[in-house]
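Take a look at the structure below.
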Amino acid sequence: MQRQLKTSLLFASILWIGATVASGQTKEAALKFEIAFPESISKSQLTGRMFLAISETDSIAPRLRVRRYGTQFFGADFENLPPGKPVTIDANTLGYPIEKLADLPKGTYYVQAVLNKYTRFERSDGHIVWMHNDQWEGQDWRRSPGNIYSKPQRVTIDPTKAQTIQLEVTEIIPAVEVPKDTKWIKRIKIKSELLSKFWGQPIYIGATILLPRGYDEHPKASYPTVYLQGHFSLRSPFGFDRDSTFTAAWKSDDFPRFIAITLQHPTPYFDDSYAVNSANNGPYGDAIHQELIPAIEKQFRAISKGYARVLTGGSTGGWISFALQALYPDFYGGTWSFAPDPLDFHNVEGINIYEDKNAFYKIHEWYKVPIINTRDHETGEARLTSQQRNVMELVNGTKGRSGEQLDIWSAVYGPVGDDGYFKPLFDKRTGEIDSTVAKYWKENYDMRYYLEKNWAEVGPKLVGKLNIIVGHYDNFFLNFGVYEMEKFLESTREPYYAGTVTYGARGGHGWRPYSSVHLLRLMAEHITRNAPPDADTRQWQY
């Protein structure tokens, strides 16, 4: 019996050694990176996430090459890290697109580290969370002012050999340079008292405003406003001064006179808040409508009536513009929503949150099929699976702090978890879906379900105001949410919604049936047609 036991242990040891050698991860052949910051950067301890970017070229700084289809990178959290003590990136650190350091091909690379600083937020709901505090860059750790990076370093990597590569982050990203105001472009930025109270830290929101031709020459004129929704940007609305065709039209004699506005409302979770109140982000809807827009309308001569405020935007901005029109039906007079994020949650970038058990694959009777997250609209080729997309987000940040798409949906649409961060719709490592969270999403932010449930009340206020535009081959499958929304809208009676849904036969995510110039002409006609009898529309039609 003792001999048999010794034989079994010996055999098990041989198997373990063989498997370890085959994987190239013996204790002696451990590749790792050690990354620290010096006292000259901070004498105090820091909390955050350390990133390591690995690139085959230095034509662009490695950290700036990190993106969905970008270069290799790894990430590791750290807490109360003193100067000089390194954060280790090793075999236990998750990476993307290659998940394991040991699987990197042998070769010469350019490497760069970035320290993403977290801030302690003592929220008014009683939770304490550590997150990156946006510095007016749009929640991007690669470019955020105050983050610290190392100079790119050329190294030869052989994962089969023991190697420790040491890096030091010494370069501080400078503050964002906000473009100066001009005759045409003005900017406003305010501290939101509502959001600052919720987060326990100063939170700022703002806007970039494009004024119409003749604004200074017609001091008694007030103008309709178009709110262009979308990701964080300090650029001028509609590409003014970048798109020569639009710029020429805006300055021409016969173009509609609008005040065009893009809003900035980044959160600790993402580059924008989706402009609604939510349990995890706080009262962004209230802040925008009770603080920011009144400040804009007070400073600039905007017509502060619902008929004269219209909305548009694409993708994220498509959802925001549609949701704001639905949730604030009297405040806005119409929306043109392009390729909106899922208006119905039966297809969330391939995931049916109501019927699927797992976010990474579809389960059929005898087999599983990976869920496709992104497709090429011209060829139909799968570009990214749901699992790959979620690994990428997890490398960008744990606890939903990636600043990426699926995490912000959970932050906006989902409940707060016991730890103060959002309660995820699904486990990012296994894909298992939490049906209780799916139900919360439905009851609070499924726009198709919201309108169906509340049509008797909000329908009369939305007649003729809802316009959706999407390609049939949207790269993120967003057309399927539009299909479900259209089914409901076309079923409405007393009143019928009387809006439009427009499809592009082979259109991808960026498909547009007309230009911004044409869109604004449509909006001007819509506002004039729906203005109350006592409205003087001639004042802005000079």
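Contact map, region 380-405: residues that are under 16 Å from Arg67 (Cα atoms) paired with residues that are part of a helix (DSSP H, G or I) and among the polar types (S, T, N, Q), Cβ distance under 7 Å, separation 6+ or inter-chain. Pairs shown: Ser402/Asn396; Gly403/Asn396; Glu404/Asn396.
So that you can scan it fast, the table gives a plain yes or no per residue for (1) over 26 Å from Phe426 (Cα atoms); (2) of a type in the set (Val, Ile, Thr); (3) not assigned by TED's automatic domain parsing to the domain that holds Gln405:
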position	(1), (2), (3)
Arg309	yes, no, yes
Gly317	no, no, yes
Phe331	yes, no, yes
Thr335	yes, yes, yes
Glu349	no, no, yes
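Which of the residues belonging to region 304-327 are assigned to a helix (DSSP H, G or I), within 15 Å of Gln264 (Cα to Cα) and not aliphatic (A, V, I, L, M)? Within region 304-327, Thr316, Gly317, Ser321 meet the criteria.
Residues in region 58-102 that are in a strand (DSSP E or B), touching a Ser or Thr at 6+ places or on another chain (Cβ under 8 Å) and either surrounded by 15 or more Cβ atoms within 10 Å (Cβ to Cβ) or among the basic types (Lys, Arg) (or both): Gln72, Phe74, Gly75, Ala76, Asp77, Phe78, Leu81. Between Ala279, Ala308, the distinction of being within 29 Å of Gly200 (Cβ to Cβ) and small (Gly, Ala, Ser) belongs to Ala279 only. Under the condition of being free of Cβ contacts under 8 Å to residues at least 60 places away in the same chain and charged (D, E, K, R), the residues counted in region 357-379 number 3. If a residue has to be β-branched (Val, Ile, Thr) and either in contact with a helix residue (DSSP H, G or I) (Cβ under 9 Å, 6 or more places away or on another chain) or farther than 25 Å from Trp130 by Cα (or both) to count, how many in region 165-201 make the cut? Summing the residues that are β-branched (Val, Ile, Thr) and either in contact with a helix residue (DSSP H, G or I) (Cβ under 9 Å, 6 or more places away or on another chain) or farther than 25 Å from Trp130 by Cα (or both) in region 165-201 gives 6. The combined condition, being within 30 Å of Thr492 (Cα to Cα), modelled with pLDDT of 95 or more and either part of a loop (DSSP other than H, G, I, E, B) or not assigned by TED's automatic domain parsing to the domain that holds Phe121 (or both), is fulfilled by Asn454.
The set of residues from region 201-215 being under 21 Å from Val276 (Cβ atoms) and assigned to a loop (DSSP other than H, G, I, E, B) comprises Gln201, Ile203.
Of all the numbered requirements in (1) assigned by TED's automatic domain parsing to the domain that holds Tyr284; (2) surrounded by fewer than 14 Cβ atoms within 10 Å (Cβ to Cβ); (3) of a type outside the set (Gly, Ala, Ser), Trp199 misses one, and that requirement is (2).
Within region 87-99, the set of residues being over 26 Å from the mean Cα position of the chain (by Cα) and in contact (Cβ under 8 Å) with a residue 60 or more places away in the chain comprises Asp90, Ala91.
Somewhere in region 149-157, is a residue in a strand (DSSP E or B), in contact with a Phe, Trp or Tyr (Cβ under 8 Å, 6 or more places away or on another chain), of a type in the set (S, T, N, Q) and surrounded by 14 or more Cβ atoms within 10 Å (Cβ to Cβ)? Scanning region 149-157 turns up at least one residue that is in a strand (DSSP E or B), in contact with a Phe, Trp or Tyr (Cβ under 8 Å, 6 or more places away or on another chain), of a type in the set (S, T, N, Q) and surrounded by 14 or more Cβ atoms within 10 Å (Cβ to Cβ).
The values are calculated or read from the model by the stated rules, or taken from the named source; none is laboratory data. Quantities reported herein were computed from a predicted structural model and do not represent experimental measurements. Every residue, glycine as well, gets a Cβ built from its backbone with ideal geometry; the counts of neighbours run over all protein chains shown.
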